[in-house]
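Student: Got a structure here, written out as C-alpha cells. Questions coming.
Derivation of every value follows stated rules applied to the coordinates shown; laboratory data play no part. Computed from a predicted model, the values in this text were never measured in an experiment. FYI the Cβ positions are ideal-geometry reconstructions off the backbone, even for glycines, and counts take in every protein chain you see.
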Amino acid sequence: MFINIGYIVLPVLCSVLAVLSAMSSWLKTLKHSALILSKFSLGKMATCKTSRERIKEVADLTEYHETAACLADLVRQDGAGSWPPRANHTHSTWPAALRPYKEIYHEMAPLLAAVNISLDDDVNRQRVTHFRSRFQQLLSERVNLGEVTQLLEAADAGRWDVFPRDVYNAFYSCIAWCRHAYRWGTIPAVKVAQLEKTVSLPPELTTPWTSLQSHFGLSSDAGNMMANLVLNFAAPPSGEYVYRINTGLPEEVTASEESFARVAHDMEALALPVYCDVVGAIVSFARGDLPACLARVRAVAAQLRPVLGSYYEKVHDGKIARSVWLSRVQGFYAWGAGREDPVSGKWEVFDGLSGNQVLLFQVLDAFLGMEPYLTREVLERNVPRLQREFCAAVGRHAFRKLLGDEGVEGRIREEMAEIVKRLRLFRSAHRTRAKFYLTVPAPERLPMTAGKSLLKADMEQSMQFLDQFMLSRLQQTV
Ligand code: HEM
C-alpha cells in the first residue's frame, strides 16, 4: 500500500517540482524580457519622454549596435548634443574674429532683395555687380582671414573650447547665407546671374567654406538643407529665424520665406523620436525581442502624423504664398554654377537645396529597405557625412524583408505598411504641391529649381521632367 502510495506521490511530487522549476525559469525569462522591454516600453516611449532622455537612451546603446552609435555620433557632433542641431547665433558669444561676418550680413541683407523686379538685363547686371563689389569690399576691410583660419584649424583639431560646436554650426549657416547672397547678387534671381557658368567668390567666403564643408564631409560649392535652413534658427528658447533673404519687403513675402524655412527645421525637431524608435526597432529585432520591436515600429508610424504635419500645415498658399515663393524665396537656394574639378579636370555644376536632402525621408526609406533616392555623388555633395552614415547603417539592418506573415512578425509587417501608406500620401501630395508652386510665372528668370538648377526652355516641359522624379519615387514606395 505504502509502496503503492510512494509510486503515486513521487511522480506527482517530481511533476510539481518540475512545474515549479519551469515556472521559476519562465519567471526569470519574463523578468529579463521585462527588463529589456522596460528600456523600450511603449508607455515610456510616448510623449512623456524628453529629447534629452531619448538621446541618452540611444547613447546607452552605442556599444551594442552600430545604428545607435551612428545616431549618437550625429547628435553629439553635428548636433552639438541636441537634435535639431544646436546653433548659437548670439553675436556676443562668438569669437571676435567671426563677428564681422554677422555684422556684414546686417549691412548687406537690406541690399539684396529688389522691391521692383526688373526685366532689363543691364539693370540687373548692374545690381548684381554693385552688390558683389560692396560685399567684397566689406569682407576685405573687416575680416582677418588669418584669425578665422586659426579658429577653423582649432575646430579641426577638436578644440571645441576655443570654437564651441554650436557657434561652429551657426557660423556654417552664416557663411552659407553669405555665399548664396553673393552668388545671386540680387533676389529674385535673374537671367544674367543664372547664365553665369562660374562665380568667383572672395577668399573670405571660400577659405572658411572649404574648411567647413570638409568638416561636414561635403564637396559642394552650394549650401544645403542643414547649412541654409535647419541651422538658420537660434537654439531655444528664442528659436528665432536668423539670416533672411528678404528684408524690408511686405509681410506676405517675409512671412512666406520664414514659414518655408521653418518646415525643414521643425521637421527635424519632430523627427528625433522617429530616429530613436527606428534604432530601437532595429536593436529589438536584433535581440529577437519581437514585442518590443512591434512597439517601436508602431511608434514610428504613429509619429509620422505630427512630423509630416509640419509639412502639410505650412506648405500651402495660406502660409507660403504661391505668388511670392518662386521668385522671392526659391531662387536664393539654387546654385547652378560650377568649376573645373582639380583632380579629374571635369566641369562640375552644383545644384542647390532640395527637400530630397531632408534626413527624415532618407532614414524612412532605408528603414523600409528602399534604395536611396539620391546617387552617391549627390549625397556626398549635399548630405552631411554623419547623416549619410546613419542612413547607411539603418539600411544595412533593415529587417522588413525578413519578416514572416504570422503572429507578431505579421503585426510588425502591418505597422511597416502603415509607414509606407503615410509616405505614399506625402509623396503624392508633394507632387501636387510642387507643381502648384513651380508653375507660377517668373519672367525675370529661366526655368530653374534650387535642387536641379537650370531646366528646359519652358516650365511646362520642365515640370514633366521634375514630376518624373517624384512619380518614380512614389511608385518605388511599396
Ligand atoms: C514648396 C516648395 C517645394 C517644391 C516646389 C518642391 C519640389 C520638388 C521637386 C521638383 C522634387 C523632385 C526633384 C528633386 O529631387 O529635387 C522634389 C523632391 C523632394 N522634395 Fe520637394 N519641393 C518643395 C518643398 C519640399 C519640402 C518643404 C520638403 C520636406 C521638408 C520636400 C521634400 C522632398 C523630398 C523628400 C523629395 C525627394 C522625392 C521623394 O522622396 O519623394 N520638398 N521636390
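Student: Return one quarter of the surface area of the convex hull spanned by the alpha-carbon atoms of the stretch 307-449, equal to its mean projected area, in nm².
Tutor: Approximately 11.2 nm², given one-decimal rounding.
Student: Taking every pair of alpha-carbon atoms in the stretch 42-135, give the share separated by more than 19 Å as a whole percent.
Tutor: Of all Cα-Cα distances in the stretch 42-135, 66 percent exceed 19 Å.
Student: Compute log10 of I(q)/I(0) for the stretch 357-404 with the Debye formula, placing one identical point scatterer on every Cα and leaving out solvent, at q = 0.19, 0.25, 0.30 Å⁻¹, to two decimals.
Tutor: -0.54, -0.87, -1.16
Student: Based on the mean of other Cβ atoms within 10 Å per residue, sort peptides 469-478, 168-177, 59-68 so the most packed one is first.
Tutor: Highest mean packing first, the order is 168-177, 59-68, 469-478.
Student: A further question follows. First measure r as the distance between the Cβ atoms of LEU195 and LYS346, then evaluate 1/(1 + (r/R0)^6) with R0 = 25 Å and state the FRET efficiency to the nearest 0.05.
Tutor: The pair LEU195/LYS346 has a calculated efficiency of 0.75.
Student: Given +1 on the Cβ of Lys and Arg, -1 on the Cβ of Asp and Glu, and no further charges, what dipole in debye does the chain carry about its Cα centre, rounded to the nearest 20?
Tutor: Around 900 debye, computed over the chain.
Student: Given a Förster radius of 35 Å and the C-beta distance between GLU63 and ARG142 as r, what FRET efficiency does 1/(1 + (r/R0)^6) yield to the nearest 0.05?
Tutor: 0.15
Student: While we're looking at this one, here's another question. Using the scaling law 2.2 N^0.38 Å as the reference, what is the normalised Cα Rg of the stretch 278-328?
Tutor: The reported ratio for this selection is 1.85.
Student: In whole Hz, with x marking every Gly and Pro, tabulate ³J(HN,Hα) for the stretch 312-322 from phi via Karplus 6.51 cos²θ - 1.76 cosθ + 1.60, θ = phi - 60°.
Tutor: Ordered by residue, 3J(HN,Hα) equals 4, 6, 10, 8, 7, 4, x, 9, 10, 5, 4 Hz.
Student: Sorting MET448, MET108 on the 10 Å Cβ count, fewest up front, what's the list?
Tutor: In increasing order of surrounding Cβ atoms, one gets MET108, MET448.
Student: Express in % the proportion of alpha carbon pairs of the chain at distances exceeding 38 Å.
Tutor: Looking at the chain, the distances longer than 38 Å represent 31 percent of pairs.
Student: Over the stretch 91-250, how many percent of alpha carbon pairs lie in each 5 Å bin up to the one with the longest distance?
Tutor: 1, 8, 18, 21, 21, 15, 8, 5, 2, 0, 0
Student: For each of SER344, SER214, SER82, count neighbouring Cβ atoms within 10 Å of the residue's Cβ, then give the residues from fewest to most.
Tutor: Exposure proxy ranking, most exposed first: SER344, SER214, SER82.
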